[in-house]
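Q: Mind having a look at this structure? Questions to follow.
The values are calculated or read from the model by the stated rules, or taken from the named source; none is laboratory data. Just so it is clear, the model here is predicted, and its values are computed rather than measured. Reconstructed Cβ throughout: ideal geometry from the backbone, glycine too, with neighbour counts over all protein chains shown.
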Amino acid sequence: MTKFTDLNLGPKVLKAVIEAGYETPTPIQAGAIPPALEGRDVLGIAQTGTGKTASFTLPMITKLARGRARARMPRSLVLCPTRELAAQVAENFETYSKHVKLTKALLIGGVSFKEQDQLIDKGVDVLIATPGRLLDHFERGKLLLTGIEIMVVDEADRMLDMGFIPDIERIFSLTPFTRQTLFFSATMAAEIERITNTFLSNPARIEVARQATASETIAQGVLMLKPTRRDRTDSEKRKALRALVDAEGESLTNAIIFCNRKVDVDIVAKSLKKYGYDAAPIHGDLEQSVRTRTLDGFRNGELKILVASDVAARGLDVPSVSHVFNYDVPSHAEDYVHRIGRTGRAGRDGKAITLCIPRDEKNLEDVERLIDKPIPKLVNPLGDTTPDEESAPDAAPETEAKPKRSRSRSRRKKDDDAPSQAAPETAPAPEAAAEPAPQKDAAAPQDEQPARTRRDADSNRGKRDADSNRGNRGGDDNRGNRDADSSRGNRGGDDNRGKRGGGGRGGRDDNKVVGMGDHMPTFIAMSFEERKAG
């Protein structure tokens, strides 16, 4: 079995490794360190959590132990996709170079330019940076890359996902052609393959595991969740997530929950804290000081649940993560491998649970195709809920509201059927016909109205002309008042038109006007001569 003592590392570097508690290198370390010490370009392909960081830090420290840095001209460069990964690489350099006098600088966003410029002006042996901040310093004239001896690209596939490939190509063009290049990635997309063919010279290819495979020490599972209603999807997902966390019990010492969107990171973290869970968010929109404090608290055990975007999916080394939850199925299948790689590191056992709703099933199929095996389905700890049971109370108001849409139509139908119905609303008309008419303004049945129409026309002609439009309001609107008084039952006729006109308060027996579509008003049937004679 290969040990670190067999890899020709410098004695001071080897001493630091042994003090850190390591004796046996991982497969990627055993394969990458020897050719790197020989000065060859290295292309390392390995799944996350296999020790890629030490694969380039240990040979770099050994080679840089002799020499001196010049102002603004670093001797080596390490490019990382995220601030957290860059900070972690810097911590590894501090751990393994504590017996070697090497200077380093960390160029990341969220930190003052002035402090970084002061370090660069003094000269650094190791420059660890994110692509954007590195180019910012270069364009400001504070940095020269012509003295780079060793260049490292870490998590190259993540660089591709984040759109850093154009920046990487530009940085490559700014460094000397004679540099040594160490290129590490978990997957090899076509674009990554093109870059390696362009900028690496006869590299030693070390592939210790099949591309995009998950560690065998990680127990995987997926909960197929079918929301009862579309507008309840998010709330039911959060409820199922809490149930899954509770179901793990004491075996869950700490966990990372990954979300696809930054806004969901904040919402899920807030929801967990509301229900008494020790959780905090971390994503790219937070200030660097907040991100650092949150991550340090999670590593130190002060924080139990870290809700994160994919900013924490690559390269972060927290050895004791017991569980990983995918609140969303990642849109890129490769991200699934990196997410669940936060658990089960260094040979430990881990567990990864994914929530999948119907719209994410295609992404789940892509993941299963990538890892070349199906993910076991889990039982919903909340039990199965039938959508009809949840949505039934909401469907009732809709069915009750339908009759209201044809309100006026139903009223007209009741008026037309009035003589044949036994309801109190329509029955008074025949009863009014049977009553004696001792006085002049007694209401007459509807059947006798045509005979008296001409007789009453003259007396009410002026009043009808003044208020002809309002005379059409009778019928439907006053149907409910026919029960109280038979004389009020014909409010649509000439009698009430006279009342509205302000003159005939005694009332007269005139034709009842139900509406323009049912009966023609009396004043329309009058001839011009009759009006003139009146």
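Each row is one residue, and each column tells you yes or no for (1) within 21 Å of residue 199 (Cβ to Cβ); (2) among the β-branched types (Val, Ile, Thr).
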| site | (1), (2) |
| --- | --- |
| 17 | no, yes |
| 21 | no, no |
| 26 | no, yes |
| 29 | no, no |
| 32 | yes, no |
| 42 | yes, yes |
| 46 | yes, no |
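Q: Collect the residues in segment 108-149 that are part of a helix (DSSP H, G or I) and of a type in the set (A, V, I, L, M), keeping them in residue-number order.
A: Residues satisfying the conditions are 119, 120, 134, 135.
Q: If we keep just the residues of segment 245-261 that are surrounded by 16 or more Cβ atoms within 10 Å (Cβ to Cβ) and within 15 Å of the chain's Cα centre (by Cα), which is modelled with the lowest pLDDT?
A: By that ranking, first place goes to 260.
Q: Take residue 100 and decide whether it is in contact (Cβ under 8 Å) with a residue 60 or more places away in the chain, buried (at least 16 other Cβ atoms within 10 Å of the Cβ) and assigned to a helix (DSSP H, G or I).
A: no
Q: Residues in segment 36-51 that are buried (at least 19 other Cβ atoms within 10 Å of the Cβ) and over 16 Å from residue 4 (Cβ atoms): how many?
A: 9
Q: Looking only at segment 41-71, count how many residues are over 20 Å from residue 337 (Cα atoms) and touching a Pro at 6+ places or on another chain (Cβ under 7 Å).
A: 2
Q: Please find, within segment 166-209, the residue that is nearest to residue 76 (Cα to Cα) out of those that are of a type in the set (Lys, Arg) and surrounded by 14 or more Cβ atoms within 10 Å (Cβ to Cβ).
A: Here the residue is 179.
Q: Looking at segment 64-74, can you tell me whether even one residue there is in a helix (DSSP H, G or I) and either more than 36 Å from the chain's Cα centre (by Cα) or at pLDDT 90 or above (or both)?
A: Yes, the conditions are met somewhere in segment 64-74.
Q: While we're here: State yes or no: is residue 242 touching a helix residue (DSSP H, G or I) at 6+ places or on another chain (Cβ under 6 Å), modelled with pLDDT of 95 or more and assigned to a helix (DSSP H, G or I)?
A: So residue 242 does not fit the description; no.
Q: Quick check: anything in segment 120-136 in contact with an Asp or Glu (Cβ under 7 Å, 6 or more places away or on another chain), β-branched (Val, Ile, Thr) and touching a residue at least 12 places away in the same chain (Cβ under 8 Å)?
A: Within segment 120-136, none of the residues are in contact with an Asp or Glu (Cβ under 7 Å, 6 or more places away or on another chain), β-branched (Val, Ile, Thr) and touching a residue at least 12 places away in the same chain (Cβ under 8 Å).
Q: Which condition breaks for residue 181 when tested against (1) assigned by TED's automatic domain parsing to the domain that holds residue 31; (2) assigned to a helix (DSSP H, G or I)?
A: (2)
Q: Six or more apart or on different chains, Cβ under 8 Å: which pairs go from a residue in segment 329-355 that's in a helix (DSSP H, G or I) to one that's modelled with pLDDT under 90 and of a type in the set (Asp, Glu)? Could you list them?
A: 334/157; 334/161; 335/161; 335/310; 338/310; 339/310; 345/317
Q: Going through segment 339-363 one residue at a time, which ones are among the aliphatic types (A, V, I, L, M) and surrounded by fewer than 21 Cβ atoms within 10 Å (Cβ to Cβ)?
A: Across segment 339-363, the qualifying residues are 346, 357.
Q: Let me ask you something else. Test each condition in (1) surrounded by fewer than 19 Cβ atoms within 10 Å (Cβ to Cβ); (2) farther than 30 Å from residue 189 by Cα; (3) at pLDDT 90 or above for residue 9 and report the one that comes out false.
A: Among (1) surrounded by fewer than 19 Cβ atoms within 10 Å (Cβ to Cβ); (2) farther than 30 Å from residue 189 by Cα; (3) at pLDDT 90 or above, residue 9 violates only (1).
Q: Further question on the same structure: Testing residue 163 on (1) within 19 Å of residue 80 (Cβ to Cβ); (2) buried (at least 17 other Cβ atoms within 10 Å of the Cβ), one condition comes back false. Which one is that?
A: Unmet condition: (2).
Q: Let me ask you something else. Does residue 233 meet the test of being modelled with pLDDT under 90 and either over 26 Å from residue 366 (Cβ atoms) or of a type outside the set (Lys, Arg) (or both)?
A: No: the conditions fail for residue 233.
Q: Any residue at all in segment 27-37 that is polar (S, T, N, Q), in the same structural domain as residue 177 (by TED's automatic domain parsing) and in a helix (DSSP H, G or I)?
A: Among the residues of segment 27-37, at least one is polar (S, T, N, Q), in the same structural domain as residue 177 (by TED's automatic domain parsing) and in a helix (DSSP H, G or I), which makes the answer yes.
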